[in-house]
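Scroll down for the structure; my scribbles are underneath it.
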Amino acid sequence: MLRKEQDRVVFTLLIINKAGGLIYNRAFDSSLAGLSSNDSLILAGTFHGVHAIARNLCPPSALPSSTLSSASSTSFTSNPSASASAPGTRATPATGIQVLETARFRLTCFQTVTGTKFLLFTSPEQPNVDAILRRVYELYADFVMKNPFYTTEMPVRCEKFDRGLVGFLVGAR
Amino acid sequence: MSISQQPKAASNVLQQQLQQAPPSGGLRYPSSKKTIYDRNLNRTRTSELSRASFAYLFIEMISYAQKRAPSVSDLEKRLNASGYPLGLKLLDLLIYREPPRSALRPTRILALLQFVHTTLWKHLFGRPADALELSNNSPAEYMITDNEPLVNAYISIPKEMSQLNCAAYVAGIIEGVCDGAGFVTESVTAHWAEGEDIWPGKTIFLIKFKPEVIEREGILKGGTS
């Protein structure tokens with residue numbers, strides 16, 4: 001039981017802005033071999049690119065059958081975009097990479113609707129990563145987006161956000 | 001079939017609404033056509049509003065003031081000025097809302113400060129302030145303490161402006177209440193409490209009354225005792 005508790009670790013949180021720039025980088029546990037800040041920047045940019053490519057790698061079978069059938073049955077005079085935009089028939093958006101797992105750690109990516117990405121490095125045993133990420137997003141919405149001195153898409157330097165994250169990720173363990 | 005009819009129906013409703021709305025309308029008029037001015041002044045139960053919407057509005061107020069302010073003290077002065085008219089009006093409204101027998105205008109400093117500490121704070125933030133003290137430096141200075149001001153809930157001050165406290169807006173409200181009640185103030189300012197670990201956001205509102213107010217208080221005290 002005790003060993004299991006120790007296995008559950010949140011290592012690092014990265015936040016990547018819309019353009020692929022690293023805007024937040026914080027390690028919560030030193031047991032993951034440290035990345036230099038330059039490496040983190042490269043990782044953020046690379047992940048952003050790979051994520052974008054992964055979004056476009058979409059097998060045709062994943063498209064909803066209704067849009068396919070309506071597109072094939074209607075003649076070429078109809079506008080295919082009209083049928084796609086009708087309510088209820090919109091295809092589920094491609095999500096890109098969600099989880100990347102190795103023997104030592106798991107990288108979970110959460111992308112907001114505005115394109116900001118939260119990357120959380122955890123141990124593979126860590127449960128409920130989705131809930132953790134949702135809470136981190138909540139903290140971000142509260143203490144970063146509601147801070148009058150924060151400029152969007154710029155590096156995050158908000159004391160209360162740091163304090164909230166440490167309280168949640170380190171204090172709750 | 002039903003899907004094709006929906007947009008038509010929706011556009012009809014929209015047209016009706018457009019026709020009914022006054023020409024100067026827009027977002028100003030809610031769909032029930034009852035603006036805040038049409039409601040009874042005593043209706044307090046539904047007057048709570050979302051913390052997030054206040055936070056976003058306050059962000060815009062701060063950036064508006066910041067664009068025009070050359071220095072931190074000027075920014076605080078502008079926030080103070082935007083709270084001042086609110087305090088003047090809140091004094092009237094809150095006394096009006098008190099039960100008729102206790103609806104008295106505060107005429108002594110202590111009664112006024114109790115009003116600010118309890119009634120005003122409860123109306124604005126849903127709880128009384130955390131402390132009310134007389135300053136050691138001067139009999140004309142009083143301090144109201146709030147451990148965690150609601151207006152600062154989501155605000156992190158950047159290092160280069162560490163002196164700034166956005167609760168200056170609340171200080172402006174207090175100043176408006178004091179001035180409106182006839183207790184003229186030199187200034188009301190918001191300061192960070194130093195050396196606080198448990199409450200990092202602890203804020204002290206320093207109220208400085210003008211000498212004539214203290215003089216009058218002394219005469220009133222002599223007359224009653």
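The values are calculated or read from the model by the stated rules, or taken from the named source; none is laboratory data. It should be emphasised that the depicted structure is a prediction, and the values quoted were computed from it without experimental measurement. Just the protein is used for accessible areas: all its heavy atoms, side chains included, with ligands, DNA and RNA removed. Shrake-Rupley method; radii C 1.70, N 1.55, O 1.52, S 1.80 Å.
For the set B:TYR37, B:TYR84, solvent exposure ranked by accessible area (probe 1.4 Å, protein chains only) runs largest to smallest as B:TYR37, B:TYR84. Backbone phi angles across the range A:22-28, fed through the Karplus curve with coefficients 6.51, -1.76 and 1.60 (θ = phi - 60°), yield HN-Hα couplings of 7, 10, 8, 8, 8, 9, 10 Hz in residue order; Gly and Pro are listed as x. Both chains summed, the buried accessible area for B and A stands near 1300 Å², from protein heavy atoms and a 1.4 Å probe. Interface burial in the range A:140-173, defined as at least 50 Å² less accessible area with all protein chains than with the chain alone at a 1.4 Å probe, covers A:LYS146, A:PRO148, A:PHE149, A:LYS160. Just to be sure I understand the curve: with the Debye formula and one point per C-alpha of the range B:51-224, what is log10 I(q)/I(0) at q = 0.09, 0.12, 0.18 Å⁻¹? The computed values of log10 I(q)/I(0) come out as -0.31, -0.56, -1.22. Pairs spanning more than 27 Å between alpha-carbon atoms, out of A:LYS146/B:LYS208; B:LYS77/B:LYS221; B:LYS67/B:LYS159: A:LYS146/B:LYS208; B:LYS77/B:LYS221. Annotation: B:LYS221 carries an accessible surface of approximately 120 Å², with a 1.4 Å probe and no ligand, DNA or RNA atoms counted.
Amide H contacts for A:PHE28 (H built 1.01 Å from N in the peptide plane; partners 5 or more residues away or on another chain; cut-off under 5 Å): A:THR12, A:LEU13. Using a probe of 1.4 Å on the protein chains alone, the accessible area found for A:THR114 is around 80 Å². In the context of the full protein assembly, B:TRP121 retains an accessible surface of approximately 0 Å², using a probe radius of 1.4 Å and ignoring ligands and nucleic acids.
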